[in-house]
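Structure, as structure tokens:
The values are calculated or read from the model by the stated rules, or taken from the named source; none is laboratory data. None of the values given here were measured: they were computed from a predicted structure. Cβ atoms come from the backbone with ideal geometry, glycine included; neighbour counts cover every protein chain shown.
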Amino acid sequence: MAARIVRGEGAPAYFPSLHDGVDARRLQGHEAGPTERFWVGESYYHPAGTAQTTPTAEETVYYVLDGELTLTVEDGPAETLGPGDSVHLPRGTVRSLENRTARGARLLVVIAIPTPENRP
């Protein structure tokens, strides 16, 4: 199989549920073309942008590219994530994410594609 390039300016937008003040685009997978085990997106959190408290549908990794985001997991303390910080969230982890600053934040998102045995 040949390499598939998705140019940044051509990455399709998508609209994650339970996100407010967040612009998202798919870099690989789904609308951007097929992948087998994961998909990759980039999310731009405007000031006060949020991903509401909800469980992750699949195993997820966040990597902060720019700015600052506050992550809260289940009943744990809020953690501030900055550029270069990453977090792994197992499937079903209840989390929220919020931009509490006056400037935007960019987040790389990698999420597993469900295997047949993990599909609802």
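Some points to look at:
- One residue stands out among those in the range 8-24 that are of a type in the set (Asp, Glu) and at pLDDT 95 or above: the one that is surrounded by the fewest Cβ atoms within 10 Å (Cβ to Cβ), which is ASP20.
- Of all residues making up the range 1-35, the number that are part of a loop (DSSP other than H, G, I, E, B) and closer than 14 Å to ILE111 by Cα: 4
- Positions within the range 63-105 being of a type in the set (Lys, Arg), under 16 Å from the mean Cα position of the chain (by Cα) and surrounded by fewer than 16 Cβ atoms within 10 Å (Cβ to Cβ), in sequence order: ARG91
- Pair list, Cβ < 8 Å and 6+ apart or interchain, from the range 34-58 residues that are of a type in the set (Lys, Arg) to residues that are assigned to a strand (DSSP E or B): ARG37/ALA112
- Only listed residue being within 13 Å of the chain's Cα centre (by Cα), surrounded by 14 or more Cβ atoms within 10 Å (Cβ to Cβ) and either of a type outside the set (Gly, Ala, Ser) or modelled with pLDDT of 95 or more (or both), chosen from GLN52, GLN28: GLN28
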